[in-house]
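What follows is a short report on a single structure.
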Amino acid sequence: MTPDELLRAELTRVAIAIGAPDSVAPVLERPRDPAHGDWATNLAMTLAKPLGRKPREIAEALVAKLDLAAAGVAATEIAGPGFINFRLDSGANARGLANILALGATFGRTDVGKGAPVNVEFVSANPTGPLHVGHGRQAALGDAISALLEGAGYRVTREFYYNDAGVQIENLAKSLWVRVAQAAGIEVQIPEGGYNGEYIRELAERFLSESGAPPSSALLAGAEAIAAGSAPADAALFDTMRRFAVAALRAEQDLDLRAFGVAFNVYYLESSLYTDGRVEETVDMLRKGGHTFEEEGALWLRTTDFGDDKDRVMRKRDGTFTYFVPDVAYHVTKWQRGFTRAINVQGADHHGTTARVRAGLQALEVGVPKGYPEYVLHQMVTVVRGGEEVKISKRAGSYVTVRDLIDEVGRDAVRYFFLMRKGDSQLVFDVDLARSQSEENPVYYIQMAHARLSGIFRVGEIDPATIIADGVQWDALAEDAERELVKSLLDYPRLVAGAADALEPHRVAAYLLETARQVHLWYHKHHVLGEPEHILRARLVLAKAARQVLANGLALLGINAPERM
C-alpha cells in the first residue's frame, strides 16, 4: 500500500471504532503550506452530524486512537475547527518509491475506463491548405487527451473528420483553376474567398506537370466564369482540379501531422455522408420526428425544443444543406459505431455548433444521451518573435503554419508550449523563449532535469536497471528537499487521474514543471555519488524514481525525455 493508502486505512479503522458508519471514506489532501505536514483531512467535520459531536472533539478522539506506527505518522496536529494535519516519518514517506520502481513506465496508469471505447475527434481541418498553429494546438490537445484516457484504461480511437465538401472546397478548386490559368498566361485574379498562399501556385505547377495543360479556351472560359462568381462550365475539368487539390492537401496535412508526431486511427470523409445517403436519411428522420418546419422556402429544425437559443435552417432555399446537418449525420455514425462516449476537440469559434449538433441528435431520438458529444474548445494562438506578432507564413500567405514552428523550435517545444495553458485560455507562443536553452524555457528546464538524473548514473557508471528497492534504508531520505520531491512523485497517479477526468493535459505540463524544479533543487543541494552506502542507495532509488516519473509525464504529452542535453 502507498503511504496515503496506509493512512486512509488507519483513519477508517479508527473512525469506525468511535462510531462512524462502515461506509466512512476519509479524504486526504495535501496542505497548501508544506510546513503543515504531508497530509490533511476534514474527517472530523464530516462525522460531526452523524456522530452528534463537535468536530474538534471528534478530531481529538481520532488522534487519540490512531496507531501512529501502523499509519507511518511521525506527528499530528489539530488545526482550526477540526482539521487534522499529519507529518509522515521519513521512512513511511519514501517507501512509496518502491512502487514507482516496480511499475516503471506503467506508473500512473489505472483501469478506471475498463476498456470502454471513446472516440476523440480533433484537428479535422478542411483540406484547403497546410495546418495553421490553431490546428497545431488542437493536435497537441487531442493527442494528449487521448493519451490520458488510454492511461485511465479507455480504448481510444483518434479520429480526423475531413470537411472535403462544401463552399470552401469549391473556393479551393476555383483558386487552383485561376493559378493554372495564370501559368498559361491568362490574366485573372483569385476570387473573393479564395486561397492566395504560395502553396496554391505550387499545386498549379504540379497539376500541369502531372495532368498536362488544359485547353486554353477552356481555362479562359472557366476563369471568366469564376470572375463572374460562377463555377467553370467544364464540370469534368473543374471536378478533376477539385479532387487533385483535396488529395494533395490531404497528403500535405498528413506530413504536417507526421512531423508533429500525431497519428490517427480513422479518417472520415464528409463527402461520404452525401454519397452514402446519410445526410438525406438524417433529414428524413428529423422530418418524420415532427421537429422540422418550412418557412420562406427553407427547411428548419426546431432546435429551441432542445435548448438552442433559436431554430436553425437545415436546408437553404437553393437546396443545399447548412453545415450542421452533415455534422449531425456524422455523429450518428459515431453512435452507431459503438462510441457511447465521443469527445470533440475544436476551436472556440465552433462554440455555436455544440448546441445545434446536440439538438439535432436529440431530435432524432435514436438513444443518444443529452450531453453527447462532449466538447473541449480551445482559444487560438498568437505567435511572437522579437516582441512582435508574426502573422504570416511565406508559404501559406495569410497565417503561420504548425510546420513553421516545428522547423524553427522543434517538436518538443511546440508540443509543450501548446499544452502548458488550459485550452480555453489565450496562448502567446514566444518563439525566442521556445528556442532558448535556459531555465526560463519550461520544456528545456524539464528535459534538463531528466538529463541530470540520467547523468548521475552515467557518471557513476551505474546501470539504472540494477537499482532496486530491496534493503533500502528509507529513513535516509530525510532532507526537506528529498521529502518534498518524494511527495511530488507519489502524487503523480492522482494528478494524472484528475487530468484525465477533466480532459485537461495542462495539469500534467504544470506538474512536470514543478517536479523538475524540485529535482533541480535536490540535485544542487545534495550529492548522490560519494555518499555513505545507505545514503547512496536511497538517493539512487530517488533519482531513478524521479527520472521515471518525468519520463512518464513527458510521454503523455508526446515529448521526448533525453538522457543528455
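Yes/no matrix, rows are residues, columns are (1) closer than 24 Å to Ser272 by Cβ; (2) under 33 Å from the mean Cα position of the chain (by Cα); (3) assigned by TED's automatic domain parsing to the domain that holds Arg341:
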site: Leu148; (1), (2), (3): no, yes, yes
site: Val156; (1), (2), (3): yes, yes, yes
site: Ile186; (1), (2), (3): no, no, no
site: Gly197; (1), (2), (3): no, yes, no
site: Glu210; (1), (2), (3): no, no, no
site: Ala225; (1), (2), (3): no, no, no
site: Pro232; (1), (2), (3): no, no, no
site: Arg243; (1), (2), (3): yes, yes, no
*Give me a count of the residues in segment 44-92 that are closer than 15 Å to Val14 by Cβ and assigned to a strand (DSSP E or B).*
5
*Can you find a residue in segment 180-194 that is in contact (Cβ under 8 Å) with a residue 40 or more places away in the chain and either in contact with a strand residue (DSSP E or B) (Cβ under 6 Å, 6 or more places away or on another chain) or surrounded by fewer than 19 Cβ atoms within 10 Å (Cβ to Cβ) (or both)?*
no
*Go through Phe244, Phe306, Phe321 for me and flag whichever is among the aromatic types (Phe, Trp, Tyr), surrounded by 13 or more Cβ atoms within 10 Å (Cβ to Cβ) and within 30 Å of Val156 (Cα to Cα).*
Phe306
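Please work out if Ala245 is at pLDDT 95 or above and under 20 Å from Glu192 (Cβ atoms).
On the way: at pLDDT 95 or above: yes; under 20 Å from Glu192 (Cβ atoms): yes.
Against the criterion (at pLDDT 95 or above and under 20 Å from Glu192 (Cβ atoms)), Ala245 qualifies.
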_I'd like the full set of residues that are under 33 Å from the mean Cα position of the chain (by Cα), surrounded by fewer than 18 Cβ atoms within 10 Å (Cβ to Cβ) and without any contact (Cβ under 8 Å) to a residue 40 or more places away in the chain, limited to segment 20-52._
Ala25, Val27, Glu29, Arg32, Asp33
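Being surrounded by fewer than 21 Cβ atoms within 10 Å (Cβ to Cβ), in contact (Cβ under 8 Å) with a residue 24 or more places away in the chain and either more than 24 Å from Phe122 (Cα to Cα) or of a type in the set (Lys, Arg) (or both) narrows it down to one residue among Ser216, Ser175; which is it?
On the way: Ser175 fails: surrounded by fewer than 21 Cβ atoms within 10 Å (Cβ to Cβ).
Step by step, each of Ser216, Ser175 is checked, and only Ser216 is surrounded by fewer than 21 Cβ atoms within 10 Å (Cβ to Cβ), in contact (Cβ under 8 Å) with a residue 24 or more places away in the chain and either more than 24 Å from Phe122 (Cα to Cα) or of a type in the set (Lys, Arg) (or both).
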_Based on this model, can you work out whether Gly558 counts as surrounded by fewer than 18 Cβ atoms within 10 Å (Cβ to Cβ) and either at pLDDT 95 or above or small (Gly, Ala, Ser) (or both)?_
no
*What about Pro55, is it surrounded by 14 or more Cβ atoms within 10 Å (Cβ to Cβ), free of Cβ contacts under 8 Å to residues at least 40 places away in the same chain and of a type outside the set (S, T, N, Q)?*
yes
*Lone unmet requirement of (1) under 31 Å from the mean Cα position of the chain (by Cα); (2) among the aliphatic types (A, V, I, L, M); (3) more than 16 Å from Met448 (Cα to Cα); (4) assigned to a loop (DSSP other than H, G, I, E, B) for Ala469*: (1)
*asked:* Suppose we filter segment 543-565 for residues that are within 23 Å of the chain's Cα centre (by Cα) and assigned to a loop (DSSP other than H, G, I, E, B); how many remain?
replied: 6
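Would you confirm whether any residue within segment 20-38 is part of a strand (DSSP E or B) and either of a type in the set (A, V, I, L, M) or touching a Gly at 6+ places or on another chain (Cβ under 8 Å) (or both)? If you could, list the steps in order and put the result at the bottom.
Taking segment 20-38 as the starting set, the residues that turn out to be part of a strand (DSSP E or B) are 28-29.
Now drop any that are not either of a type in the set (A, V, I, L, M) or touching a Gly at 6+ places or on another chain (Cβ under 8 Å) (or both), which leaves 28.
Scanning segment 20-38 turns up at least one residue that is part of a strand (DSSP E or B) and either of a type in the set (A, V, I, L, M) or touching a Gly at 6+ places or on another chain (Cβ under 8 Å) (or both).
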*asked:* If I filter segment 58-87 down to residues being touching an Asp or Glu at 6+ places or on another chain (Cβ under 8 Å) and among the β-branched types (Val, Ile, Thr), which single residue comes out as surrounded by the fewest Cβ atoms within 10 Å (Cβ to Cβ)?
replied: Ile78
_One residue is enough: does segment 126-136 have a residue meeting the conditions hydrophobic (A, V, I, L, M, F, W, C) and either free of Cβ contacts under 8 Å to residues at least 60 places away in the same chain or more than 26 Å from Val400 (Cβ to Cβ) (or both)?_
no
*Please work out which one of (1) more than 19 Å from Thr110 (Cβ to Cβ); (2) among the acidic types (Asp, Glu); (3) modelled with pLDDT of 95 or more is the condition Asp501 fails and give its number.*
(1)
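Considering only segment 240-262, state which residues are among the charged types (D, E, K, R) and free of Cβ contacts under 8 Å to residues at least 24 places away in the same chain. Please lay out each step first, then the result.
Restricting attention to segment 240-262, the residues satisfying the condition of being among the charged types (D, E, K, R) are 242-243, 250, 252, 254, 256, 258.
Answer for segment 240-262, where residues must be among the charged types (D, E, K, R) and free of Cβ contacts under 8 Å to residues at least 24 places away in the same chain: Arg243, Asp254, Arg258.
Condition check: surrounded by 19 or more Cβ atoms within 10 Å (Cβ to Cβ) and not in a helix (DSSP H, G or I). Does Asn119 satisfy that?
Values: surrounded by 19 or more Cβ atoms within 10 Å (Cβ to Cβ): yes; not in a helix (DSSP H, G or I): yes.
Here the answer is yes, as Asn119 does meet what is asked.
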*asked:* If the requirement is being in contact with a Gly (Cβ under 8 Å, 6 or more places away or on another chain), modelled with pLDDT under 95, assigned by TED's automatic domain parsing to the domain that holds Trp335 and within 24 Å of Ala502 (Cα to Cα), which of these qualifies: Ala363, Ala355?
replied: Ala355
_Among (1) of a type outside the set (Val, Ile, Thr); (2) over 30 Å from Pro214 (Cα atoms); (3) touching a strand residue (DSSP E or B) at 6+ places or on another chain (Cβ under 6 Å), there is one condition Leu269 misses while meeting the rest; what is its number?_
(2)
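The values are calculated or read from the model by the stated rules, or taken from the named source; none is laboratory data. Quick caveat: nothing in here was measured; it's all calculated off a predicted structure. Quick reminder, even Gly has a Cβ in these numbers, built from the backbone with ideal geometry, and neighbours come from all protein chains shown.
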